[in-house]
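This report refers to the structure that appears directly beneath it.
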Amino acid sequence: MSQRWIAVVGTLGLVALASPAFADEASDLRKELDALKQRLDAQDQKVRQMEGTTITQQEVDAAVLAYVGNAPAPILVADEKGSAGFPLGKKPFIKEGPNKVEFAFRNQVRWSGFFYNEDAVGTRIAPAPIRFSGEEPNDRTGFEIERLYFGLDGTVFCEDITFKLELSFDSDGTNTVDKRYAYIDWKYAGEHHVRAGGDKVAYSGEENHSSSNLAFVDRSIVTKAFELGFDTGVSLWGNFGGCDCPKQFMYKLQATNGEGSISRGSMFNFDASDTYSDQMLFAAMLEWNITCDDWKWDQVDHRPCEKRCKLLASIGASAYYENDDDAKRDQWGGLAVRGSSARGADRMGLNAWFRAQYNGWSTMVEWYQRDIDYTDPNTSLTQTDSGAHILVHYRFADSNWGVGVRAGMVWLDDDYLSVTVNAQTNTFEDTITEFGAVLNYFFYDHNNKVSLDVNFVQDNSGVSSSSAGYLANNPGKGVVVEDGIMVRLQWQLNF
């Protein structure tokens, strides 16, 4: 072998013997370089954090991969047509195709105080030196949850079939949950509907305003005297008009049991004779939208400045009739029935109103009349009562404040101007009056507002109501004649 080949073989042998040592040194060098790089990256990140600079794309990618690797798998609750949300000022909802459920909630937390004057009459002895014309009314001052509602409404099968359920948990009710609205509605043609279930009676304009949309803390004493509240039955309602104004008129025709809310029970569990559907209550309502606008039943002009200069105005009327031979006198309105409770009476009511909004101003004027004709022999004289009230409210532009005033009067039948309690007969004036003022602060319109109202009530001897105040002619409440000043402070949360 030549010397050249001997040198090559020797060199290769030396390289082979030295390669493990070189490999170990290279591996150690790589580790040191990686550690140095990590220290430099950490120092660089600290510098960027102190300088407020953004992270690198490499760090973003690493963070996303780490999150995705640990995140739970999503659960599909609806297909691509489904949606859910809670828009500001609206109801939370779940929707998929034509099916939709909305969740409603209303809470009115109220402080009330009735400061009686010496003309008030109650059922407990007044301590000296306070002097009343009769006995002292019970103290009705303190906090309460005036309204606490939870509801569901929406559509099912198609957008023309709707439903509404509203449950009342407020402190004025009994130990059971009061079922208020509980109806199914079918828009069978155009703007025409058929509705069945628990609903407001088609009578009284202010009563058919939602309690969440009132300018004052509660409805007027006149409305509470004549309204009929909720009942169970069926109605035809809708809108009609010309081609240029298809919703110029709103109508509602209704037939109900005339026995109050659906919690009364079923006629199949009782004798329907002289109760429930034996003698139906018929009611009707018609409203003409003079300015040809389908505008809400709302006592406050919440429109933005660019829209509030448009006049909105409507005139409406309603009526009811029942040939009622039921001695229970259920659902006869808040104004006391003075006549005998003997069976047999035709009752009817008439009502008309005007409401309008313009440039922040809202107004409502309303008139009522009620006639009760006792048809059985040897019973009481016919009772005829009437009343009227007016409301004016102003919502300041670019402001959360609103102020309002109202006045109301009930003219009682001259044949029934006395109340006997504990063998004591009290004769009172033939009118009940109310004058009030309100200050509102709207955090977000009616959805979140605080209201303070002051009402002067005089000679209220014939109105009963679930609201604070207006509980007269009910000895169990300790008040026979209300006379004085009622102050109420209320916070409302509503959606």
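The values are calculated or read from the model by the stated rules, or taken from the named source; none is laboratory data. Quick caveat, the model's predicted, so the values are computed rather than measured. As a convention, Cβ positions derive from the backbone with ideal geometry for all residues, glycine included, and neighbour counts pool all protein chains shown.
Assorted remarks:
- Which listed residue is within 24 Å of Ala283 (Cβ to Cβ), assigned by TED's automatic domain parsing to the domain that holds Trp297 and of a type in the set (Val, Ile, Thr), from Thr384, Thr363, Thr379: Thr384
- The number of residues in the range 368-384 that are surrounded by fewer than 17 Cβ atoms within 10 Å (Cβ to Cβ), among the hydrophobic types (A, V, I, L, M, F, W, C) and part of a strand (DSSP E or B) comes to 0.
- On the stretch given as the range 385-420, residues that are in a strand (DSSP E or B), surrounded by 18 or more Cβ atoms within 10 Å (Cβ to Cβ) and modelled with pLDDT under 85 total 1.
- Scope the range 389-403; condition within 22 Å of the chain's Cα centre (by Cα) and either over 27 Å from Asp430 (Cα atoms) or free of Cβ contacts under 8 Å to residues at least 40 places away in the same chain (or both); matching residues: Val392, His393, Tyr394, Arg395, Asn400, Trp401, Gly402, Val403
- Residue check, Asp371 over 25 Å from the mean Cα position of the chain (by Cα) and either under 16 Å from Glu206 (Cβ atoms) or in contact (Cβ under 8 Å) with a residue 12 or more places away in the chain (or both): yes
- Residue among Asp298, Asp293 that is in the same structural domain as Gly241 (by TED's automatic domain parsing), modelled with pLDDT of 95 or more and under 30 Å from His446 (Cβ atoms): Asp298
- Any hit, the range 327-350, residues being assigned by TED's automatic domain parsing to the domain that holds Leu412, modelled with pLDDT of 95 or more, surrounded by 18 or more Cβ atoms within 10 Å (Cβ to Cβ) and among the aliphatic types (A, V, I, L, M): no
- Hey, Val481 in contact with a Ser or Thr (Cβ under 9 Å, 6 or more places away or on another chain), at pLDDT below 90 and either in a strand (DSSP E or B) or more than 19 Å from Trp111 (Cα to Cα) (or both) or not: yes
- Residues being surrounded by fewer than 17 Cβ atoms within 10 Å (Cβ to Cβ) and hydroxyl-bearing (Ser, Thr, Tyr) - total across the range 152-205: 4
- Of everything in the range 431-470 that is modelled with pLDDT under 95 and in contact with a Ser or Thr (Cβ under 6 Å, 6 or more places away or on another chain), the residue that is surrounded by the fewest Cβ atoms within 10 Å (Cβ to Cβ) is Gln458.
- Selection within the range 84-111 - of a type in the set (D, E, K, R) and either over 17 Å from the mean Cα position of the chain (by Cα) or over 29 Å from Asp218 (Cβ atoms) (or both): Lys95, Glu96, Lys100
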